[in-house]
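Below is one structure, written out as structure tokens; comments come after it.
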């Protein structure tokens, strides 16, 4: 056993020593588990959705292999995918995956906004129509005006809401991209 003659002193002025950040084993394990779960989400995607994710060749190949495997082999492949993800920037992958997962929710919110806009058009009439035409000048003013008046008439006479539904369809084709 050799004795140390000199104790190492931590120099706060040294920039190299300042950059050392101590990370606990638990945190490292949590991060690894998080990446493994991200890999599992990638494996569960369809081929068309997987093509939308920015993956390098090795990672894409590993994900495609994991999609074909079962049981223990799949578990080991997921571990490997997690290991590959540790060496890559996962932020673009998470963003693309989030877009795919939330597309349905975004669509639902947009349809709800269309319903609110339709109700506003029927309630306020020409004032709301003018606002809509300022935002979407390609809309057919005459068609919308006729549908709004018909919907208002249906509402006062308690008739079936045919024009009310047609307004929604016109708004949907006007505002939502195909």
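The values are calculated or read from the model by the stated rules, or taken from the named source; none is laboratory data. All figures in this text were calculated on a predicted structure; none of them were measured in a lab. Using ideal geometry, Cβ is built from the backbone for each residue, glycine included, and neighbour counts are taken over all protein chains shown.
Before moving on, here are some points about what is shown:
- Checking every residue in the range 126-141 against the condition of being in contact (Cβ under 8 Å) with a residue 60 or more places away in the chain and surrounded by 13 or more Cβ atoms within 10 Å (Cβ to Cβ) gives zero matches.
- Meets criteria (assigned to a helix (DSSP H, G or I) and surrounded by 13 or more Cβ atoms within 10 Å (Cβ to Cβ)) for residue 105: no
- Scope the range 146-173; condition in a helix (DSSP H, G or I) and either outside the structural domain of residue 112 (by the TED database) or loosely packed, with under 15 Cβ neighbours inside 10 Å (or both); matching residues: 146, 149, 153, 155, 156, 157, 162, 165, 169, 172, 173
- Residues considered: 55, 78, 59, 84. Of these, the only one that is over 30 Å from residue 168 (Cβ atoms), outside any helix (DSSP H, G or I), modelled with pLDDT of 80 or more and outside the structural domain of residue 165 (by the TED database) is 55.
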